[in-house]
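What follows is a short report on a single structure.
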Amino acid sequence: MASSSSRQRYGIIILGNSGVGKSFLANILLGSEAFDHRAAARSVTTETEFEEIKMGNANYAIFNIPGLIEADQQCIERNKREIDKAFVERPTSLILYVFGSQNGRIRDEDVVAFNALNKAYPLKIESLVLIVNGAPKKRLGDYEGEVIVLLKELIQVPCQSLCVLDMIDENNQSERKKLKNQLLQAIVERTPRDHIKKQDLELQREEVRKAKEEIKALQADFQNKLQMHENQIKKQQRMYDKKFDEIRNQNELMQVLIENQRKGQEKRDNEYKEAIQRANELTVKLRAEVQAEQKARQQAEQRVKEQTDQRAMEQAEQKATEQAKQRAREQTGQRAREQVQRASKSISSIMEKLFSEIVFARRSSGITKFEKATSVVRRIYLRGRATDGSSFLR
Ligand SMILES: Nc1nc2c(ncn2[C@@H]2O[C@H](COP(=O)(O)OP(=O)(O)OP(=O)(O)O)[C@@H](O)[C@H]2O)c(=O)[nH]1
Ligand SMILES: [Mg+2]
């Protein structure tokens, strides 16, 4: 394990004008009230001092240094000397430059002091943290972005690490903790670098005044540009809003149309379904009716057929009966004729017999008997003729 004497020794040099909160932030980092800090008309810290802490494998000296620009030139000269001491003590350092905040605005004198320091000790980007301290808690969402752009204009140094710190309640431990974490986060992302003095800090009162004027003009220019830019953005925003409203209205209209179309389609679908249903029912009904009709027709046909068959049978029967009758009649007639013939024959033979008897009787018994016999024969003969011979059969 490295002993405290063999450990790397770095510095955390907190720079900035008087009253921006350097000592306050140094105490936050240390977690103790090591350095005097207070609201005062004149500078509070007048001599450089430091407290050492261990972070990782290195020792860091946290410096409490006087501010740079003051009204009194003698004080400025003293401050320059005190700042020099810190760079001599720990040339390999992280530099935390603190801007004060005037209701969130970057102060001209802080820009002038930074530019003077950066000229004397060219500050390395990798080791530099820019801090805006005491920013109002309520600020615009793009405040940080705006500060980054403004600082790039004013200090001509790319702003890789910017820490905007809220004006906290110094008695609120959780706010102090949050502030400390914010600072530590910015610190660990940076790397300590060597800072070699290039020239003396040039801060004559007249020069400071001129520089402040210049920065003021730059700030005004920036604000104008910013205003123009914002106006343009607002204009664009209004255009977009208008366009957005148009699109939204169109969208709403489309939604209404789509909804109406959907409802119409749904209605048509239902009507179609109902029509299909009705058609199906009708088809079933018609089919049943047709089947019933077919059945009735078949039954009627069957009945007609049966009746026709019955009639045909009856007719055939009748015909057969008539034929039978006819045949019977014919047979009867025939038989009768045959009987008549037979009767006639027998009558003829009887007659012949009678005639022969008559002849015999005339010969033997006289005329009366003969006439009597003749009249009997005639009657019999006539009666036989009148009844067509049938009476002979009875
Ligand atoms: N409540 C509160 N006070 C703050 C904050 N930051 C700075 N201050 C106060 O601001 C005043 C000035 O702070 P200092 O730390 O003394 O300022 P400085 O930069 O060290 O000033 P000099 O020593 O004169 O160079 C002190 O009263 C601080 O407590 C903050 O975030 N919250
Ligand atoms: Mg101080």
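What follows draws every value from the coordinates through simple rules; no lab data is involved. Just so it is clear, the model here is predicted, and its values are computed rather than measured. Quick reminder, even Gly has a Cβ in these numbers, built from the backbone with ideal geometry, and neighbours come from all protein chains shown.
Straight-line cross-link reach from LYS345 at under 26 Å between alpha-carbon atoms covers these lysines, not counting any fewer than eight positions away in the same chain: LYS353, LYS369, LYS372.
At an R0 of 41 angstrom, the distance between the Cβ atoms of ALA288 and LYS267 translates into a FRET efficiency of 0.85. Classify region 250-351 as rounded, prolate or oblate, taking a ≥ b ≥ c as the square roots of the eigenvalues of its Cα gyration tensor: rounded when a/c is under 1.5, otherwise prolate if a/b is larger than b/c and oblate if not. It comes out prolate by the Cα gyration axes. Name the aspartates and glutamates eligible as straight-distance cross-link partners of LYS197: C-alpha to C-alpha under 12 Å, and not fewer than 8 places from it in the same chain. Result set, ordered by chain and number: ASP84. Checked against a 28 Å cut-off, the cross-linked pairs LYS137/LYS216; LYS80/LYS225; LYS54/LYS119; LYS22/LYS210; LYS119/LYS180; LYS80/LYS212 give Cα-Cα distances beyond that limit for LYS80/LYS225; LYS54/LYS119; LYS119/LYS180.
Just to confirm a number: summing +1 for Lys and Arg and -1 for Asp and Glu over residues other than ILE125 whose beta-carbon lies under 11 angstrom from that of ILE125, what do you get? For residues surrounding ILE125, the net value is +2. Each of GLU357, GLU252 was scored by other Cβ atoms within 10 Å of its Cβ. Arranged with the fewest first, they read GLU252, GLU357. Other residues whose C-beta falls under 15 angstrom from the C-beta of LEU179 contribute a net charge of +1, scoring Lys and Arg +1 and Asp and Glu -1. With the highest mean first, a sort of the peptides 164-175, 48-59 on other beta-carbon atoms found within 10 angstrom per residue produces 48-59, 164-175.
The Cα center of region 189-208 and the Cα center of region 238-315 differ in position by 94 Å. Given R0 = 25 Å, the distance between the Cβ atoms of THR191 and GLU89 translates into a calculated FRET efficiency of 0.85.
Taken about its Cα centre, the chain carries a charge dipole of about 6380 debye when Lys and Arg each add +1 at the Cβ and Asp and Glu each add -1 at the Cβ. Among 262-274, 143-155, the peptide with the highest mean count of other Cβ atoms within 10 Å heads the list, and the full ranking is 143-155, 262-274. Relative to the dominant Cα principal axis of the chain, helix 73-89 is inclined by about 70°. Shape of region 3-136 from the C-alpha gyration tensor: prolate (a/c of 1.5 or more and a/b above b/c, with a ≥ b ≥ c the square roots of its eigenvalues). Projected onto planes of every orientation and averaged, the convex hull of the alpha-carbon atoms in the chain covers 52.8 nm². Other residues with beta-carbon under 13 Å from the beta-carbon of LYS54 carry, at +1 per Lys or Arg and -1 per Asp or Glu, a net charge of 0. Angle of helix 205-365 to the longest C-alpha principal axis of the chain, folded into 0 to 90 degrees and rounded to 10: 10°.
Counting neighbouring beta carbons within 10 Å and listing from fewest to most, the residues LYS22, LYS242 come out as LYS242, LYS22. Fully extending the segment from GLN331 to LEU162 would add 45.7 nm, taking 0.36 nm per residue of separation and subtracting the current Cα-Cα distance. Highest mean first, the peptides 111-122, 27-38 sorted by other C-beta atoms within 10 Å per residue fall in the order 111-122, 27-38.
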